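> Structure incoming, see below.
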Amino acid sequence: MSGTQQQHHTKQDAPVKKGDEPALKGTFVSVLLLGAFIAISWIGVFVLFIVRN
Amino acid sequence: MKSFDRQDGKLVLAHILFAFGALLLGGIAGMMQGMVRGGASILPDFIGYYELLTAHGVLMALIFTTYFIVGFLYSGVSHTLGGKLLPAARKLGWAGYILMSVGTIIGVAVILAGQATVLYTFYAPMKASPWFYIALALVVIGSWLSGFGMFYQYRQWRKANTGKLSPLFAYMSVVTMLLWQIATIGVAVEVVVQLIPWSFGWVDTVNVVLSRTLFWYFGHPLVYFWLLPAYLCWYVVIPKIIGGRIFSDALARLSFMLFLLFSIPVGFHHQLMEPGISSFWKFLQVVLTFMVIIPSLMTAFSMFATFELFGRSKGAKGLFGWVKVLPWKDVRFFAPFMGMLIFIPAGAGGIINASNQMNAVVHNTLWVTGHFHLTVATSVALTFFGIVYWLIPVVTGRVLTPRMNRLGIIQTLIWCVGMFIMSGSMHTVGLLGSPRRTAYTTYDDHPDAVLWMPYHVAMAVGGVILFIGVVLIISNVIGLLRAPKGETEYPIGEVSESADHTPKYLERWGLWIGIAVALILFAYTIPLIDIIRNSVNAPGVRTW
Amino acid sequence: MHLHRLEKMWLAIGISMLAVFLIVLGTMAFSMGIQPPSEHHHTIDPAKVTETAPFDKPGFQLIGDRHYEAAMVAYAFGYDPATYEVEAGSTVDFTVTSSDVVHGFSIVGTNVNMMIVPGEISHISHTFDKPGTYLILCNEYCGTGHEYMKTTLVVK
């Protein structure tokens, strides 16, 4: 019984915001990787442009 | 489950089969080009490299794509807007098909007869036979009729369902054909007003810069005409195929609206290296081009979110647990998914291409060819191939057998391997300076050009593998047509319960078309006036 | 319209990255003069190229210390003048037009890569620091002999 009370206590201590969505962390990391790909490839060709100028 | 309307099924199938016929012919040409450039002189006397290249471009980038798109969109419009096309819509669909097909046959004949060796961009003042330009005009006007049929069906549905949100498939189809309608005005003016009279000899000269500007006003949104139907499949169909939900109807519609606005006033990013357009207007259209990247960034998020939420609903844990539960063995998912994955390097390359002065590194090199073989020939093509495995069963009253599914997976893998080798080599050798649209040469054994040869050989190898892929998809299409009879449901996704409601303003067509037109006028009016006033016309030349 | 918190973050990151690219490109273009080719609009009658200066005498003219003005004509299927020789460290201002169809003018290994359009005059400048025999090729399809269309620039 005290265990359950502890659980309630913990829940009240850390209010869950509506739409506090850890459910899309994998999505976020995936798009960040995509963004990194864009950045790295762009910078690569940019460097080539500068070197050849 | 109500089965797909038989008459509509004939219309859809006619388009799909014509598309694959074009793919086969275009694929033969492509493979031969690759081999020639790789050093194998295999061409018979009656055909040259550039005739093949012209045929390849027209058949793949204009005919395969347009026919598949019109057929696919008609299928969804029929299914979601009442289950059956209205007689007027179906008649317009057939009228469009006939006109486009007459144009295609004339065009291909003229090309193979060596009277239009001008490549699929037909840049003036190279002057082809007038029948080539007439053929193009017929294809474009035919496609307008196809679009009108869809608009009509949509408008009638809206009248009968006032206040209701239109089905997502239909909404996206309307945006796609609207984009096409606005975009093709440019190439229609170029062909009908400038090139046909000039090719007949009724006028002596042509304003070259104007013709190029009108073409690329069309040429950039053309690629979004290809991309949007693939995105439609990813947004609307894939969630159903995997057993998940559409992440957000509102954001899906918003992304399509943003494509309508920003795909068109950006043609100058294909003209960055040419004279006659000021640096200011080039950069302005580069800025607008970068805006059109945003709906793709949104789409990437939506796709991953759809997969992750599906995975979590199946109990997957951790950052990437959802990857394991996706239906990898289902070709209806796997092929479009590979299209999505490959869009990452494809899109990254596109951003580089559009980067103003940086375009000098890649302009007219094989890098560009590598780029569009990733975008249209992989992301879009693999998605279209994936669609076929349910679309043909749906419209013919048959089923997808496990054997056909397996053959589909194999075909997808072969395509990816071939494309990795071919496009990978193209990107690399392009950065080293090897030009696109060029037959076999070593420029008198110049050391730079000799260095390119191993890559050209790799391209030929990739091209042969891809041709095997072409033969396999044709064989699979035939297999699907002969599959056992049965019921196949048209896969239309349902929206996730946690998704936001869709605001009505996304369907206020007058508003959005108005903004699109305003942006086009903003991006093009002053440079066009300058081009018309200050250019010097050139006479036609036949250099082949 | 409601966006998921992480989608808002992603779009903010993505759009910022694009903005950085544009700022870099814009600054280089409008502040440092690193523009796309043919900034200034000059036209010419394509039927009268060989009669119109400087294309009536195509060639390299020394206009300063290791500074050349090269007037060149692109045609199906070559360039006039064919091959030339300059000293390493030379700057060449290329002024090029076409007497027939659209051609390319691409110097392999450099950023010199521009379109030559009949009726228009194309300009670009480049400083050749590295010695070598540079391949100048046409990278815009122009007809049957397109793959033969090239010249060289020797930098000693």
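> So if I check each of B:PRO484, B:PRO491, which one is surrounded by fewer than 21 Cβ atoms within 10 Å (Cβ to Cβ) and either farther than 23 Å from B:CYS233 by Cβ or within 14 Å of chain C (Cβ to nearest Cβ) (or both)?
Only one candidate passes the filter, namely B:PRO484.
> Going through C:THR83, C:THR43 one at a time, which residue ends up being on the phi > 0 side of the Ramachandran plot, in contact (Cβ under 8 Å) with a residue 24 or more places away in the chain, surrounded by fewer than 18 Cβ atoms within 10 Å (Cβ to Cβ) and within 14 Å of chain B (Cβ to nearest Cβ)?
Residue meeting the stated conditions: C:THR83.
> Hey, can you tell me all the residues within segment B:319-366 that are among the β-branched types (Val, Ile, Thr) and under 23 Å from B:LEU400 (Cα atoms)?
Within segment B:319-366, B:VAL325, B:VAL331 meet the criteria.
> Every residue in segment B:354-405 that is in a loop (DSSP other than H, G, I, E, B), of a type outside the set (A, V, I, L, M) and away from chain C (no Cβ under 14 Å), please.
Residues satisfying the conditions are B:GLY397, B:THR401.
> Further question: From the list B:GLY83, B:GLY48, exactly one residue is surrounded by fewer than 24 Cβ atoms within 10 Å (Cβ to Cβ), out of contact with any helix residue (DSSP H, G or I) (no Cβ under 6 Å at 6 or more places or on another chain) and either closer than 23 Å to B:PHE151 by Cβ or modelled with pLDDT under 95 (or both). Which is it?
Unique residue meeting the criteria: B:GLY83.
> I'm trying to understand the selection: among the residues of segment B:274-306, which are more than 28 Å from C:GLU120 (Cβ to Cβ) and within 8 Å of another protein chain (Cβ to nearest Cβ)?
Result: B:ILE293, B:ILE294, B:LEU297, B:MET298, B:ALA300, B:PHE301, B:PHE304, B:ALA305.
> What number of residues within segment B:23-52 are over 22 Å from B:GLY469 (Cβ atoms) and among the charged types (D, E, K, R)?
Qualifying residue count for the region: 2.
> Still on this structure: On the basis of being surrounded by fewer than 21 Cβ atoms within 10 Å (Cβ to Cβ) and either modelled with pLDDT of 95 or more or in a helix (DSSP H, G or I) (or both), does B:ALA499 make the cut?
So B:ALA499 does not fit the description; no.
> Considering only segment B:269-298, state which residues are of a type outside the set (A, V, I, L, M) and more than 16 Å from B:TYR224 (Cβ to Cβ).
Across segment B:269-298, the qualifying residues are B:GLN271, B:GLU274, B:PRO275, B:GLY276, B:SER278, B:SER279, B:PHE280, B:TRP281, B:LYS282, B:PHE283.
> Just to be sure I understand, how many residues within segment B:145-173 are more than 16 Å from B:ARG90 (Cα to Cα) and either of a type in the set (Phe, Trp, Tyr) or in a helix (DSSP H, G or I) (or both)?
7
> Return the pairs, sorted by first residue and then second, in which the second residue is among the basic types (Lys, Arg), the first residue lies in segment B:456-478 and is touching a residue at least 12 places away in the same chain (Cβ under 8 Å), the beta carbons are less than 7 Å apart, and the residues are 6+ apart or on different chains.
From segment B:456-478, the pairs are B:HIS456/B:ARG37; B:MET459/B:ARG37; B:ALA460/B:ARG37.
> Given the residues B:LEU511, B:LEU506, B:LEU451, which is the only one that is buried (at least 18 other Cβ atoms within 10 Å of the Cβ), of a type outside the set (Val, Ile, Thr) and part of a helix (DSSP H, G or I)?
B:LEU506
> Please give the helices (runs of 4 or more DSSP H) falling wholly within segment B:189-297 in which 3 or more residues are of a type outside the set (Val, Ile, Thr) and in contact with a helix residue (DSSP H, G or I) (Cβ under 7 Å, 6 or more places away or on another chain).
Output list reads B:208-232, B:249-262, B:279-291.
> Mind listing whichever residues of segment B:1-45 are within 18 Å of the chain's Cα centre (by Cα), among the small types (Gly, Ala, Ser) and buried (at least 19 other Cβ atoms within 10 Å of the Cβ)?
Matches in segment B:1-45: B:ALA19, B:ALA22, B:GLY26, B:GLY27, B:GLY30.
> Looking at segment B:296-315, is at least one residue touching a Phe, Trp or Tyr at 6+ places or on another chain (Cβ under 9 Å) and within 22 Å of B:ALA183 (Cα to Cα)?
Yes, some residue in segment B:296-315 is touching a Phe, Trp or Tyr at 6+ places or on another chain (Cβ under 9 Å) and within 22 Å of B:ALA183 (Cα to Cα).
> Another one. Looking at (1) within 24 Å of B:LEU391 (Cβ to Cβ); (2) hydrophobic (A, V, I, L, M, F, W, C); (3) surrounded by fewer than 22 Cβ atoms within 10 Å (Cβ to Cβ), which is the one condition that is false for B:ILE182?
(1)
The values are calculated or read from the model by the stated rules, or taken from the named source; none is laboratory data. If you're wondering where the values come from, they're calculated on a predicted model, not measured in any experiment. Methodologically, a virtual Cβ is constructed for each residue, glycine included, from the backbone with ideal geometry; neighbour enumeration extends over all protein chains shown.
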